[in-house]
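Here is the structure we will look at.
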Amino acid sequence: MSTSEPEEETEAEPTDEEIEKAPAAEAETEEPEAEEVAEPETEEEAEPEEAPAEAPAAAEEPPEGEEEIEVVEEKVYTIPLRHVWTVTPRGKRAPRAVRDVRNYVARHMKSEEVAVSNEINSAIWGRSINKPPRKITVRAVKDKEGKVIIYPAKGA
């Protein structure tokens, strides 16, 4: 019995170490399996759910934004920007085009407050600072406070 007692004591010490290492090893073994199994299911399930959810949301957002703005006047303009190419140095064309679009709409809508939407800005800057478009079709929306916001034309 004396031989079994030291064995139990010596086994107890490694058992504690094994217990400390074993859960860590089991956790490492279980986690990658759980991740490998969970990720594909989540991605497959998430993609179909997100795609239809984004499409209707994107379609609903512009009308909601327009409803919040009480539209007094809405017009579509095709703004020529070809003079920007001839008058302005190559490295300053896109900023000049944005200024010209803003001034054109301010003059035609008779408003001093004009905001350019991100879509119009990215359309002008799309081919870098050197090559803005030669013309751009925009939709100008004026609210009851006199502020004008410029959006891309729906058909263009």
- Item | Low-density loop positions, trypsin sites (Lys or Arg not before Pro), the range 103-156 - DSSP coil, at most 13 other Cβ in 10 Å | Lys110, Arg127, Arg134, Lys144, Lys154
- Note on the structure: A chain fully extended from His83 to Lys144 at 0.36 nm per residue, minus the present Cα-Cα distance, gains in nm 18.7 nm
- List the lysines whose Cα lies under 19 Å from the Cα of Lys135, skipping any in the same chain that are fewer than 8 positions away. Lys75, Lys92, Lys154
- DSSP loop (so not H, G, I, E, B), at most 14 other Cβ within 10 Å: list which GluC sites (Glu not before Pro) in the range 67-156 pass both filters. Glu70, Glu112, Glu113, Glu145
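Values quoted throughout were computed directly from the atomic coordinates according to the rules given, and no laboratory measurement underlies them. This is a predicted model, so every value here is computed, not measured. So basically every Cβ, Gly included, is an ideal-geometry build from the backbone, and we count neighbours across all protein chains shown.
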